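Visitor: One structure coming up, written as structure tokens, with questions to follow.
Just so it is clear, none of the values below were taken in a lab; they were calculated from the coordinates. For clarity, every value in this text was computed on a predicted model and none was experimentally measured. All Cβ positions, glycine included, derive from the backbone under ideal geometry; neighbour counts span all protein chains shown.
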Amino acid sequence: MMHVPAFDLKRNYESVKSEIKEALDRVLDSQKFILGDEVEKFENEIASYLKVAYAIGCGSGTDALLLSLLALDVRDGDEVITTPYTFFATASSIVRLRARPVFVDIDPLTYNIDINKIEERITSRTKAVIVVHLFGQMAPIGKLELLLSEKSVHLIEDCAQSFGSWRKVNGEIKRCGTIGTFGCFSFYPTKNLGGYGDGGLMTTDVDVLAKRIRKLRSHGSLNDYIHEELGMNSRLDAIQAAILRCKLRHVDEWNKKRRIIAERYHLLFETHEITEFVKYPREMEGGYHVFNQYVIRCKKRDALIEHLNEHGVGTRIYYPLPLHLQPAFDSLGYKKGDFPEAEKLSQDCLALPMYPELMPEEQEYVVETMARFYRQ
Ligand SMILES: Cc1ncc(COP(=O)(O)O)c(C=O)c1O
């Protein structure tokens, strides 16, 4: 029996070990661990990779969302439109500020928020829309950005799962995190660009907002011990920045490998004749999916998971319960049936192993094991 884990970060580490060790030595020799030169260099490299004016590191992707909302003065009584189908942090950052997340159902093909349903949910209280580029694919936000700016509503892009993805907007390639007022990134270890601990970053082109974010991430202070407002302690470590600088040099090549792996899965579903049981993730025209996760929709999902487990194949469910049904959000008053597409997806989604180092023979084994299950 083969063992194919859902993730295998060790393989990735092996491929960059010597570079990482050199980078770590550099930081240890400097004995400068919080912000500083290494973080500034990383921020500049990200800003030039993404072609944005400012990139500002922080403690996590969750903090990036929270700091962005704080910088836009989102507070009690405000509404922020977002998807019910994402990681908890997207909506918890809204609720933490006592604002209300107004959920909009998803597009069942791409799993992203249904862009066409956003306008009807905008009210005089809407401060922002957080669009999540889920599983590595950018939502088509070009036109949405125009609509929102006419209504003075800010767009925040949650790019935690989509580093390096892009879409063509009016013929121009726009990477995720470069269209909205803010782009929010996570460097959680399993992300396409992942550190070796927590880390996050915000992007913006707006000078005053960049300055405010820098202040907010450091207790509301830009000068030693003078605090202009209440902020947070959310700074990027030099060690994470040094690791991420190494990985940034490889991330495009890794994303390409993920795309090849996704394509191979599609073909294997066809050659093993299981396409009536399994729907593979669709890439929208004009977009570049980076497959942070490879999420299929499948029949008899829970029995399939058990079968794959028994045969050494790791899987994950993203996500078993949409956000409007999470116990922590009971007080928001949403109920079952409010977002049927999100609810259906939570019942039949399944993430298969996906990482740049996954071998063709491992993929063959995964799909063959699935085919045996569906044929039995
Ligand atoms: C869509 C999304 N938003 C936000 C986050 C939060 O990022 P972090 O874990 O770095 O706080 C994550 C990470 O898991 C995520 O997947």
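Visitor: At 7 Å along the Cα-to-beta-carbon direction for both GLU120 and MET2, put a label point, then send me their distance in nm to one decimal.
Guide: 4.6 nm
Visitor: Continuing with the same structure: What residues have an amide H closer than 5 Å to that of VAL313, excluding those fewer than 5 places away on the same chain, when H is modeled at 1.01 Å from N in the peptide plane?
Guide: Counting only residues 5 or more places away or on other chains, the set is VAL4.
Visitor: When only C-alpha pairs under 8 Å and at least 6 residues apart count, what is the relative contact order of the chain, in percent?
Guide: Normalised by residue count, the contact order of the chain is 23 percent.
Visitor: Let me ask something else. D for segment 168-244, whole µm²/s, Stokes-Einstein with Kirkwood Rh over alpha-carbon pairs at 25 °C and 0.890 mPa s: what number?
Guide: Translational diffusion coefficient: 173 µm²/s.
Visitor: Taking 7 Å along the Cα-to-C-beta vector as the label spot, tell me the ASP252-LYS41 distance in nanometres, rounded to one decimal.
Guide: 2.0 nm
Visitor: Check which residues have an amide H placed less than 5 Å from THR178's amide H, if you skip close sequence neighbours.
Guide: Excluding prolines and chain starts, which carry no amide H, there are no hits.
Visitor: Given Cβ point charges of +1 (Lys, Arg) and -1 (Asp, Glu) and nothing else, what value in debye, to the nearest 20, does the dipole of segment 43-106 about its Cα centre take?
Guide: 80 debye
Visitor: Using 7 Å Cα-to-Cβ label points, what is the ASP207/ASP330 separation (nm, one decimal)?
Guide: Calculated label separation equals 5.0 nm.
Visitor: Pull out the extension gain between GLU310 and GLU14, defined as 0.36 nm times the separation in residues minus the alpha carbon to alpha carbon distance; nm, one decimal. Please report the intermediate quantities before stating the final value.
Guide: Working: separation 296, 0.36 × 296 = 106.56 nm, distance 2.79 nm.
Using 0.36 nm per residue and subtracting the Cα-Cα distance, I get 103.8 nm.
Visitor: May I ask you to sort ASP252, ASP158 by Cβ crowding, counting other Cβ atoms within 10 Å and putting the fewest first?
Guide: Starting with the residue having the fewest Cβ neighbours, the order is ASP252, ASP158.
Visitor: In µm²/s, what is D for segment 1-142 at 25 °C and 0.890 mPa s, where D = kT/(6 pi eta Rh) by Stokes-Einstein and Rh is the Kirkwood radius from Cα pairs?
Guide: In µm²/s, the coefficient is 134.
Visitor: Also: Given H placed on each backbone N at 1.01 Å, which residues far from PHE163 in sequence or on other chains put an amide H within less than 5 Å of it?
Guide: Close amide H contacts, sequence-distant or interchain: ASN192, LEU193.
Visitor: Per residue of segment 117-128, what does 6.51 cos²θ - 1.76 cosθ + 1.60 with θ = phi - 60° give for ³J(HN,Hα)? Whole Hz please, x for Gly and Pro, Karplus curve as stated.
Guide: 9, 6, 4, 5, 9, 7, 10, 5, 8, 5, 9, 7
Visitor: For THR83, THR204, which order do you get if you count the other beta carbons within 10 Å of each Cβ and list the fewest first?
Guide: Ranked by crowding around the Cβ, least crowded first: THR204, THR83.
Visitor: Relative to the present Cα-Cα distance, how much length would full extension add between LEU109 and ASP338 at 0.36 nm per residue of separation?
Guide: Once the chain is fully extended between LEU109 and ASP338, it gains 80.6 nm.
Visitor: With runs of 4+ DSSP H residues as the only contributors, calculate the mean residue ellipticity of the chain at 222 nm using -39,500 (n - 2.57) per run, divided by the residue total and rounded to the nearest 500.
Guide: Working: 11 runs with 142 residues, N = 376.
Roughly -12000 deg cm²/dmol at 222 nm, from the helical runs in the chain.
Visitor: What span do the alpha-carbon atoms of segment 273-327 cover on each of the three principal axes, reported in whole Å from largest to smallest?
Guide: Reported extents, whole Å, longest axis first: 39, 39, 21.
Visitor: Among the listed pairs LYS21/LYS174; LYS211/LYS335; LYS256/LYS299; LYS211/LYS344, which are separated by more than 31 Å between their Cα atoms?
Guide: Table pairs above 31 Å Cα-Cα are LYS21/LYS174; LYS211/LYS335; LYS211/LYS344.
Visitor: Any idea which of VAL367, ILE118, PHE135 is furthest toward the positive side of the dipole for the chain, if Lys and Arg beta-carbons carry +1 and Asp and Glu beta-carbons -1?
Guide: Checking the options against the dipole of the chain, the answer is ILE118.
Visitor: Something else: Using a Förster radius of 41 Å, what is the FRET efficiency between HIS219 and SER149 based on their Cβ-Cβ separation? Nearest 0.05, please.
Guide: My answer for the efficiency is 0.85.
Visitor: Now for a separate question. Show me, for segment 104-116, the HN-Hα J-couplings you get by feeding each phi into the Karplus relation (A = 6.51, B = -1.76, C = 1.60, θ = phi - 60°), rounded to Hz, glycine and proline as x.
Guide: My calculation for segment 104-116 gives 10, 5, 9, 7, x, 7, 9, 6, 7, 3, 7, 4, 5 Hz in order.
Visitor: Rank the residues MET359, MET1 as a footprinting-exposure proxy: fewest other Cβ atoms within 10 Å of their Cβ go first.
Guide: Numbers: MET359 12, MET1 9.
With the sparsest Cβ surroundings first, the list reads MET1, MET359.
Visitor: Determine ³J(HN,Hα), in whole Hz, for all residues of segment 349-357 in sequence, where each value follows from phi through the Karplus function 6.51 cos²θ - 1.76 cosθ + 1.60 and θ = phi - 60°; x replaces Gly and Pro.
Guide: For segment 349-357, the Karplus curve yields 7, 7, 8, 8, x, 8, 7, x, 8 Hz.
Visitor: Go through ASN233, SER15, PRO101 and say which Cα lies farthest out towards the positive end of the charge dipole of segment 9-248; charges sit on Cβ, +1 for Lys and Arg, -1 for Asp and Glu.
Guide: SER15
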